[in-house]
Amino acid sequence: MLYKLNLEHILFLDIETVPQKQQFSELDETSQTLWEHKSQYQRKDEFTAEEFYERAGIWAEFGKIVCISVGYFNFKGENRHFRVTSFHGDEIQILKQFKQLLKDHFSQTKHLLCAHNGKEFDFPYIARRMVINGINLPYKLDLFGKKPWEVPHLDTMELWKFGDYKHYTSLKLLAHVLGIPSPKEDMDGSMVKDVFYVENDLDRIVSYCELDVVTTAQVFLRMRNEALLSEEEIKKV
């Protein structure tokens, strides 16, 4: 039961990713060939491998993480706060800092990670990029040998499925139908690559990532039928 979980034991998170290179032509010949094979099923005959490279950021083998934002609840008496912080910049440093956060504050059995579509995207993406970059996996991301009920992951999209394996609902749609006020966003996921490579505006990406973390937490609260966070309760650290 969701209402039995202690909110202070949950780390909410979201990641933003981009292709490893700005242009397909910047890849070495082997990588270009492998990308052609990897993307063939999705692009079919509608796009060339070069045209489809715009979407390379969603594959951990051809993308990289430029931001991980996290949020966590803190209660002092009747006062409730949701603290949000981000790791951004060099990918290896992002991953190391995130791993250190898990080790220092969210390493116990009681601790859980929560993201929207996290089980299909955020959690495995972070794990794969850690392996690629030679970083040992933290316990919360090392799933080998764990039974399903031992996996310390929550996924708001999976919770919304209620057992329906075919159902996909975006975070934006879910927030809308649950009556969660939508913050003014000046971008969406499809724009991250250009904002990073063309506009060189990492701060804009960080703000977008942090908004998704807050929205995920709000969705989780609504699923527990609890009061939404006010602007005063959200603190950036």
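Values in this text are rule-based calculations from the coordinates and carry no lab data. Keep in mind the model is a prediction, meaning the values are calculated, not measured. Reconstructed Cβ throughout: ideal geometry from the backbone, glycine too, with neighbour counts over all protein chains shown.
Observations on the structure shown:
- Amide H partners (placed H, <5 Å) of L112, local residues excluded: I10, L11
- Total lysine pairs in the stretch 38-128 at Cα distances under 21 Å, for residues eight or more apart or on different chains: 11.
- Dipole magnitude (debye, nearest 20) for the stretch 1-95, charges at Cβ of Lys, Arg, Asp, Glu: 720
- Burial ordering of Y72, Y41, Y125, fewest other beta-carbon atoms within 10 Å first: Y41, Y125, Y72
- Between L159 and I135, the modelled label-to-label distance comes to 2.6 nm, taking each label 7 Å out from Cα in the direction of the beta carbon.
- Diffusion coefficient, µm² s⁻¹, Stokes-Einstein with Kirkwood Rh over alpha-carbon pairs of the stretch 1-93 at 10 °C and 1.306 mPa s: 99
- Whole-Hz Karplus values for the stretch 13-27 come out as 8, 8, 10, 10, 10, 9, x, 4, 10, 5, 10, 4, 5, 7, 6 Hz, taken residue by residue from phi with 6.51 cos²θ - 1.76 cosθ + 1.60 and θ = phi - 60°; glycine and proline positions read x.
- Note on H167 and R224: the extension gain reaches 18.5 nm, defined as 0.36 nm multiplied by sequence separation minus the Cα-Cα distance.
- Look at where the Cα atoms of the stretch 133-168 and of the stretch 96-132 average out, and the two centres are 10 Å apart.
- Each residue of the stretch 148-158 was assigned a 3J(HN,Hα) from its phi angle through the Karplus expression (A = 6.51, B = -1.76, C = 1.60, θ = phi - 60°), giving x, 7, 9, 6, x, 10, 10, 9, 5, 5, 5 Hz with x at Gly and Pro.
- Alpha-carbon Rg/Rh ratio, for the stretch 21-61, with Rh computed the Kirkwood way: 0.91
- In a simple Cβ point-charge model (Lys, Arg +1; Asp, Glu -1; nothing else charged), the chain has a dipole of about 1180 debye relative to its Cα centre.
- Burial ordering of Y53, Y165, fewest other beta-carbon atoms within 10 Å first: Y165, Y53
- Taking every full run of DSSP H in the chain, the ones that stretch at least 30 Å from end to end by Cα along their long axis and average -0.5 or higher on the Kyte-Doolittle scale are 202-223.
- Projecting the Cα atoms of T48, Q23, I58 onto the dipole axis of the stretch 21-61, where Lys and Arg carry +1 and Asp and Glu carry -1 at the beta carbon, places I58 farthest toward the positive end.
- Over all directions, the projected convex hull of the C-alpha atoms in the stretch 122-178 averages 5.2 nm² in area.
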